[in-house]
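Rule-based calculations on the coordinates, nothing more; no lab input. Predicted, not measured: the structure shown is a model, and the values here were computed from it. Neighbour counts are summed over all protein chains in view; Cβ atoms, including those assigned to glycine, are modelled from backbone coordinates with ideal geometry.
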Amino acid sequence: MQSNTSNIQKSAREDRYQHHDYYGIDELLSEEHLLAREATRQWVKSEVSPIIEAYADRAECPTHLFKGLAEIGAYGPSLPAKYGCGGMDEIAYGIIMSELERGDSGIRSMASVQGSLVMYPIYKYGSEEQRMKYLPKLASGELIGCFGLTEPDYGSNPSDMITNIKDDGDAYILNGAKMWITNSPVADIAVVWAKDEAGIIRGLIVERGMKGFTAPEIHGKWSLRASITGELVFEDVRVPKSNLLPNVQGLKGPLGCLSKARYGIAWGAIGAALDCYDSALRYSQERIQFGKPIGGFQLTQKKLAEMITEITKAQLLAWRLGTLANNGKATPAQISMAKRNNVHMALEIAREARQIHGGMGITNEYPVMRHMMNLETVLTYEGTHDIHLLITGMDVTGFNAFK
Ligand code: TGC
Ligand code: FAD
């Protein structure tokens, strides 16, 4: 006789995700938002869900999905159509990130690095020639990019970076190393932040194949296993001066890109939380203990009720942030608050959802533990949980705890 658990195991292998919109937030969305969501959701169901557990298990990045992400318009959805991008608004961008992260945080990372940390700085700080040279190829997935800010000795504190450039006629000589760089081993170009001889942070586009540039992979991650992470090592790399981003100087260059990416994560994390909630809700209706579905017990209901409450609050926060962003009014501190709140919310939900799944929750029959492990990285990258708290603290008190 087949056990109840094995019945659940079997059916859980397919992506049975249902839409959850407890407060009718869909009514606040436009036709374009809904279309973008549907296209991304269908793509995740057909291309990501069937393979993601196996790739995460092998700690392998599904690099074939880079092209598919381009086809659904996931790279720079809110950048202008003139450069091959989506030309949509910031809420559409957020919704796409949420749907991707419903599949896996690593898949959202593939898209948010390419769009917000590579294409955005080229668009915002680059020359028109650089935009035309790189953006259409990045939007179509012909080129893959990465973003090098963090160094082995400077993570939360990038202003003290030691990677540097020295003037050498028609080129700069680049030296230094970057650490924890998403996509670096497979990237064709890297947007790299380095100090010039005056100690001012500048952005450069470094291309694969430049002599002295290597990007070794970092192994052994228990989190974001389907995303590829590496270093960037520069030993006297000659970077043509035409590859310098001319329109920004100082730390506000990389931090401006981070604002864009953190905004995407504030939305993205909701997707991971929804997937955990969806799986836990279904499991609670199907799993029988003490002669009834575990969803009938008050303690399970408490968990599920609190989950949907927190998700709904996060959705409202993201939607309001999106509205501010569409009007050019979202401040970096507001973005920090939403990134911090929503990622923490998602991680807590993943932990609660894991409990509802009992022992099955630790297996890859369900997406919950994978999301939970991924969210440990999401809590740390793009500014740690505590760094974002200190940004809010500084904003409300006027005192800078970093200095
Ligand atoms: P501070 O003196 O506060 O600021 C320097 C200049 O930058 C301006 N600024 C910003 N501009 C735009 N957006 C923001 N979010 C900004 N935050 C600050 C600021 O106004 C100032 O401008 P100006 O004109 O006066 O020069 O800088 P600080 O050195 O005290 O640092 C402050 C702190 C700690 C908040 C900052 O360093 C920080 O955010 N640290 C966290 C580092 C971080 O987030 N790293 C992320 C690396 S990339 C990554 O993780 C990608 S993961 C991708 C994936 O796979 O999805
Ligand atoms: P640290 O800065 O050493 O922090 C360690 C601890 O100290 C944290 O808890 C932190 O909150 C705390 N801390 C630090 N300063 C303070 C303070 N002033 N007050 C209180 N507490 C403090 N970076 C990139 O540039 N590009 C990428 O593509 C990229 N991708 C990543 C992918 C992955 C999988 C990971 C794990 C990281 C990635 N990062 C990337 C790096 C990421 O942004 C950093 O890990 C992050 O900014 C934290 O830096 P750190 O790891 O050096 O930690």
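Given a 10 angstrom Cα cut-off, can you work out which residue in ILE95, ILE200, ILE265 is the most mobile in a GNM of the chain?
In the Gaussian network model the winner is ILE200.
Relative to the compact-globule scaling 2.2 N^0.38 Å, provide the ratio for the alpha-carbon radius of gyration of the range 270-328.
Values: Rg = 15.4 Å, N = 59, 2.2 N^0.38 = 10.4 Å.
Relative to the 2.2 N^0.38 Å estimate, the range 270-328 comes out at 1.49.
Where Rh denotes the Kirkwood radius from the mean inverse Cα pair distance, what is Rg over Rh for the range 157-198? Mind dumping the intermediate values first?
Numbers: Rg = 11.7 Å, Rh = 11.7 Å.
My calculation puts Rg/Rh at 1.00.
Tell me the GluC sites (Glu not before Pro) within the range 184-218 that lie in a loop according to DSSP and have at most 14 other beta-carbon atoms within 10 Å.
On the way: sites: GLU197, GLU207, GLU217; in loops: GLU197.
Those that pass, being in a loop and sparsely packed, are GLU197.
At q = 0.10, 0.15, 0.24, 0.25 Å⁻¹, what is the base-10 log of I(q)/I(0) for the range 306-403 according to the Debye formula with one equal point scatterer per Cα and no solvent? Please give it to two decimals.
-0.34, -0.69, -1.20, -1.24
Where in the range 39-137 are there GluC sites (Glu not before Pro) that are in a DSSP coil and have at most 14 other Cβ atoms within 10 angstrom of their Cβ? Don't jump to the answer; show the numbers that get you there.
Numbers: sites: GLU47, GLU53, GLU60, GLU71, GLU90, GLU99, GLU101, GLU128, GLU129; in loops: GLU60.
When the GluC sites (Glu not before Pro) of the range 39-137 are filtered for loop state and at most 14 Cβ neighbours within 10 Å, GLU60 remain.
Summing Lys, Arg as +1 and Asp, Glu as -1, what charge do residues with Cβ under 14 Å from the Cβ of PRO152 carry, PRO152 excluded? Numbers along the way, then the final one.
Working: positive: LYS178; negative: GLU151, ASP153, ASP160, GLU231.
In short, -3.
Semi-axes, largest first, in whole Å: what does sqrt of 5 times each Cα gyration tensor eigenvalue give for the range 71-166? It would help to have the intermediate numbers written out before the result.
Values: eigenvalues 117, 70, 24 Å².
Working through the eigenvalues yields semi-axes of 24, 19, 11 Å.
Scan the chain and hand back the longest stretch that contains none of the chymotrypsin sites (Phe, Trp or Tyr not before Pro) lying in DSSP loops with at most 12 other Cβ atoms within 10 Å. Can you show the working numbers first?
Working: sites that count: TYR22, TRP222, PHE290, PHE399, PHE402.
Here the longest segment lacking exposed loop sites spans 23-221.
Round to the nearest 0.05 the FRET efficiency obtained for ASP160 and GLN285 when R0 = 56 Å and r is the Cβ-Cβ distance.
On the way: r = 53 Å, r/R0 = 0.94.
It comes out at approximately 0.60.
Return P(r) of the range 15-139 (all Cα-Cα pairs; 5 Å bins starting at 0; whole %; ordered from short to long distances).
For the range 15-139, the pair-distance distribution reads 2, 11, 21, 22, 18, 13, 9, 4, 1, 0.
For a quick check of your reading of the filter: which trypsin sites (Lys or Arg not before Pro) in the range 305-345 sit in a DSSP loop and have no more than 16 other Cβ atoms within 10 Å? Write out the running numbers ahead of the final one.
Working: sites: LYS313, ARG320, LYS329, LYS339, ARG340; in loops: LYS329.
Hits after loop and neighbour filter: LYS329.
Taking the Cα-to-Cβ direction at ALA81 and at LYS329 and moving 7 Å from each Cα, how far apart do the two end points lie in nm?
Roughly 2.7 nm, to one decimal.
With charges only on Cβ, +1 for K and R and -1 for D and E, what is the dipole size of the chain about its Cα centre, in debye, rounded to 20? Before the final figure, lay out each step's value.
Details: 42 positive and 47 negative charges, 95 e Å.
Around 460 debye, computed over the chain.
Among CYS85, CYS61, CYS276, what is the fewest-to-most ranking by other Cβ atoms within 10 Å? Mind dumping the intermediate values first?
Details: CYS85 22, CYS61 25, CYS276 33.
By the 10 Å Cβ count, ascending: CYS85, CYS61, CYS276.
What fraction of the DSSP beta bridges in the chain is antiparallel, stated in percent and rounded to the nearest 5?
Taking every DSSP beta bridge within the chain, about 85 percent pair in antiparallel fashion.
Could you check the spin-label model distance between LYS241 and GLU217? Points 7 Å from the Cα along Cα→Cβ, value in nm.
Using points 7 Å along Cα→Cβ, the separation is 3.9 nm.
Rg/Rh for the chain to two decimals, with Rh computed the Kirkwood way over all alpha-carbon pairs. Don't skip to the end; give the middle numbers.
Working: Rg = 21.5 Å, Rh = 21.7 Å.
In the chain, Rg relative to Rh is 0.99.
Which FRET efficiency value, to the nearest 0.05, do you get for THR397 and LEU28 by plugging their Cβ-Cβ distance into 1/(1 + (r/R0)^6) with R0 = 30 Å? Provide the component values of the computation, followed by the final result.
Values: r = 33 Å, r/R0 = 1.09.
With R0 = 30 Å, the Cβ-Cβ based efficiency is 0.40.
Taking Cα atoms of the range 145-243, Rg/Rh with Kirkwood Rh, to two decimals?
On the way: Rg = 13.1 Å, Rh = 13.5 Å.
That ratio is 0.97, to two decimals.
Strictly over 24 Å apart at the Cα level, which of LYS82/LYS124; LYS67/LYS313; LYS45/LYS67 would you flag in this model? Numbers along the way, then the final one.
On the way: LYS82/LYS124 14 Å; LYS67/LYS313 34 Å; LYS45/LYS67 16 Å.
Over 24 Å apart, Cα to Cα: LYS67/LYS313.
Count of lysine pairs in the range 156-293 with Cα atoms under 22 Å apart, counting only pairs 8 or more residues apart in sequence or on different chains?
Taking the Cα cut-off of 22 Å, the pair count is 17.
Using a Förster distance of 45 Å, how high is the FRET efficiency between GLU129 and ILE362, based on the Cβ-Cβ distance and rounded to 0.05?
Details: r = 52 Å, r/R0 = 1.16.
Result of the calculation: an efficiency of 0.30.
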